[in-house]
Amino acid sequence: MDRGVCRDHLASLLREESELLAELEELLARESRVLETSDVPTLEATTRARQERMGALARIEEQRRSLCALHGFSADRAGLEGLMGWCDSDGKLLPRLRECAERAVRCRDLNDRNGIVVAARLKRVEGMLDALTGRPTRSDTYGPKGHTAFNGRPGRVLGAA
């Protein structure tokens with residue numbers, strides 16, 4: 001593959017990656033709004049769409065790694081920089097690569113924020129279940145004798161129907 005074909009292929013991959021990251025960013029922002037409303041069907045649909053984008057991004061990353069390997073460059077960031085230096089010596093693709101990196105960071109931050117919200121809600125639900133069942137809050141660690149803090153003690157009954 002000559003330099004021009006390689007540059008065109010890489011430009012196509014970066015363009016597709018940029019579009020997918022923009023879609024993912026919007027999905028993660030939508031997911032954040034949906035988490036506030038607890039709309040489970042919409043959350044499930046958003047999660048499926050997010051997973052589809054993540055799969056497509058993984059395929060693009062694999063294609064980029066293959067392109068690097070095809071031209072004798074390593075499949076890491078240094079290899080990508082080497083490939084870009086070889087096939088795009090004038091640096092026209094560099095702004096698109098930077099844009100993708102910036103979008104990826106924003107997506108990671110949104111995803112982390114959504115994960116924190118989900119974890120907090122799970123902890124809250126666990127606390128309410130513990131209160132309802134009389135189950136003491138338990139630790140996931142082991143004590144000096146090798147037992148968990150729970151020790152298999154039954155909870156107390158708060159009421160009967």
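The values are calculated or read from the model by the stated rules, or taken from the named source; none is laboratory data. If you're wondering where the values come from, they're calculated on a predicted model, not measured in any experiment. Glycine also receives a Cβ, built like all others from the backbone with ideal geometry; neighbour counts cover every protein chain displayed. Side chains included, ligands, DNA and RNA excluded: accessible areas come from the protein's heavy atoms. Shrake-Rupley method; radii C 1.70, N 1.55, O 1.52, S 1.80 Å.
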Exercise. On the given criteria, is A119 surrounded by fewer than 11 Cβ atoms within 10 Å (Cβ to Cβ), at pLDDT below 95 and in a helix (DSSP H, G or I)?
Worked result: yes
For this session: Determine whether A49 is surrounded by fewer than 18 Cβ atoms within 10 Å (Cβ to Cβ) and touching a residue at least 60 places away in the same chain (Cβ under 8 Å).
Result: no
Seminar exercise, completed: Of (1) assigned to a helix (DSSP H, G or I); (2) over 18 Å from the mean Cα position of the chain (by Cα); (3) within 26 Å of V5 (Cα to Cα), G72 satisfies every one except (1)
Seminar exercise, completed: The lone condition E25 fails out of (1) touching a residue at least 24 places away in the same chain (Cβ under 8 Å); (2) open to solvent by 30 Å² or more (accessible area, probe 1.4 Å); (3) under 23 Å from C6 (Cα atoms) is (3)
Exercise. Pick from the stretch 1-17 the residues that are over 16 Å from the mean Cα position of the chain (by Cα) and open to solvent by less than 40 Å² (accessible area, probe 1.4 Å): which of them is farthest from D112 (Cα to Cα)?
Worked result: G4
For this session: Looking only at the stretch 28-44, decide whether some residue is open to solvent by less than 50 Å² (accessible area, probe 1.4 Å) and in a loop (DSSP other than H, G, I, E, B).
Result: no
Exercise. Among A78, A161, which is at pLDDT below 90 and either open to solvent by 50 Å² or more (accessible area, probe 1.4 Å) or touching a strand residue (DSSP E or B) at 6+ places or on another chain (Cβ under 6 Å) (or both)?
Worked result: A161
Exercise. Any chance the stretch 53-71 includes a residue that's of a type in the set (A, V, I, L, M, F, W, C), exposed (fewer than 13 other Cβ atoms within 10 Å of the Cβ), in contact (Cβ under 8 Å) with a residue 12 or more places away in the chain and at negative phi?
Worked result: yes
For this session: For A78, indicate whether it is touching a residue at least 12 places away in the same chain (Cβ under 8 Å) and not hydroxyl-bearing (S, T, Y).
Result: no
For this session: Exactly one condition in (1) within 30 Å of M84 (Cα to Cα); (2) in a helix (DSSP H, G or I); (3) out of contact with any Leu (no Cβ under 7 Å at 6 or more places or on another chain) is not met by T47; state its number.
Result: (1)
For this session: Filter the stretch 88-106 down to residues that are in a loop (DSSP other than H, G, I, E, B) and exposed (fewer than 11 other Cβ atoms within 10 Å of the Cβ), then give me how many there are.
Result: 3
Exercise. Within the stretch 55-68, can one find any residue that is within 19 Å of the chain's Cα centre (by Cα), among the acidic types (D, E), modelled with pLDDT of 95 or more and farther than 30 Å from V125 by Cβ?
Worked result: yes
